[in-house]
1. So which of THR78, THR20 ends up being more than 30 Å from GLY131 (Cα to Cα), at pLDDT 95 or above and of a type in the set (S, T, N, Q)?
2. Looking at LYS99, LYS73, which is the one that is in contact (Cβ under 8 Å) with a residue 40 or more places away in the chain and farther than 30 Å from THR128 by Cα?
3. Being among the hydroxyl-bearing types (Ser, Thr, Tyr), in contact with an Asp or Glu (Cβ under 8 Å, 6 or more places away or on another chain) and more than 17 Å from ILE24 (Cβ to Cβ) narrows it down to one of THR77, THR128, so name that one.
4. When you look at ALA37, is it among the small types (Gly, Ala, Ser), within 23 Å of ASP114 (Cα to Cα) and out of contact with any helix residue (DSSP H, G or I) (no Cβ under 6 Å at 6 or more places or on another chain), yes or no?
5. Looking at GLY104, GLY131, which is the one that is farther than 14 Å from CYS164 by Cβ, out of contact with any Phe, Trp or Tyr (no Cβ under 9 Å at 6 or more places or on another chain) and either touching a residue at least 24 places away in the same chain (Cβ under 8 Å) or of a type outside the set (Phe, Trp, Tyr) (or both)?
6. I'm checking my understanding of the structure. Among residues of the stretch 137-152 that are out of contact with any helix residue (DSSP H, G or I) (no Cβ under 8 Å at 6 or more places or on another chain) and exposed (fewer than 14 other Cβ atoms within 10 Å of the Cβ), which one is modelled with the lowest pLDDT?
7. What are the residues in the stretch 106-128 that are within 20 Å of the chain's Cα centre (by Cα) and either surrounded by 15 or more Cβ atoms within 10 Å (Cβ to Cβ) or in the same structural domain as TYR53 (by TED's automatic domain parsing) (or both), if any?
8. Just to be sure I understand, how many residues within the stretch 32-82 are in contact with a strand residue (DSSP E or B) (Cβ under 7 Å, 6 or more places away or on another chain), more than 21 Å from ALA107 (Cα to Cα) and in a loop (DSSP other than H, G, I, E, B)?
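The values are calculated or read from the model by the stated rules, or taken from the named source; none is laboratory data. In this text the structure is predicted, and so the values were computed from the model without any measurement. Note that we place each Cβ from the backbone using ideal geometry, even for glycine, and neighbour counts take in every protein chain shown.
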Amino acid sequence: MQEGEIHIDKEIKEILYGVTDPEIPVLSVLDMGIIRAVQVEERKVDIKITPTYSGCPAMDTIATDIKFALEGKGFETTIELILAPAWTTDWITMEGRRKLEEYGIAAPLETSLDKRALIDGERIVQCTHCGSKNTEVKSQFGSTACKALFQCKDCLEPFDYFKCLK
């Protein structure tokens, strides 16, 4: 079991796997690791979610999508936003990391490597198009605040890198 992983009823888990991050639609809320607790009592579900960062504009949409998905299956649902402990990229599942890469977003590196790539310009982020590590940072901010824009020096394609957050 991955650190931070929670146990969820099978029916609820299937529903939550159908709720995706609006900014990265290939990732479910479970893949992202933002579901922190689920309590089920008969047809009542209480869920605690943690934003990927405190100002994440997608959290209202995610909470609404979770509520609609569960209520559409007959569950009375409450969603609570919790800020502590803070979300970390460590909570992205291995499946989520694979999906990110297939979607064209380089998965986050560990903290020390992340800093070496973003600050020192070390060529360690792998291109999601050709697999080369001959890449460079083009912008500290990509399509969203949690991503940086990289470009491969071999295939010349740009791609996002999901920054490490701890």
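1. THR78
2. When all the criteria are applied, what remains is LYS73.
3. On the way: THR128 fails: more than 17 Å from ILE24 (Cβ to Cβ).
Criteria check complete, one pass: THR77.
4. no
5. GLY131
6. If we filter the stretch 137-152 for residues that are out of contact with any helix residue (DSSP H, G or I) (no Cβ under 8 Å at 6 or more places or on another chain), which is where we start, we get 138-139, 141-147, 149-152.
Subset that is exposed (fewer than 14 other Cβ atoms within 10 Å of the Cβ): 138-139, 141, 143.
Details: LYS138: 96, SER139: 95, PHE141: 87, SER143: 82.
Once the filter is applied, the top-ranked residue is SER143.
7. ALA106, ALA107, PRO108, LEU109, ASP114, ALA117, LEU118, VAL125, GLN126, CYS127, THR128, listed by residue number.
8. Matching residues across the stretch 32-82 total 3.
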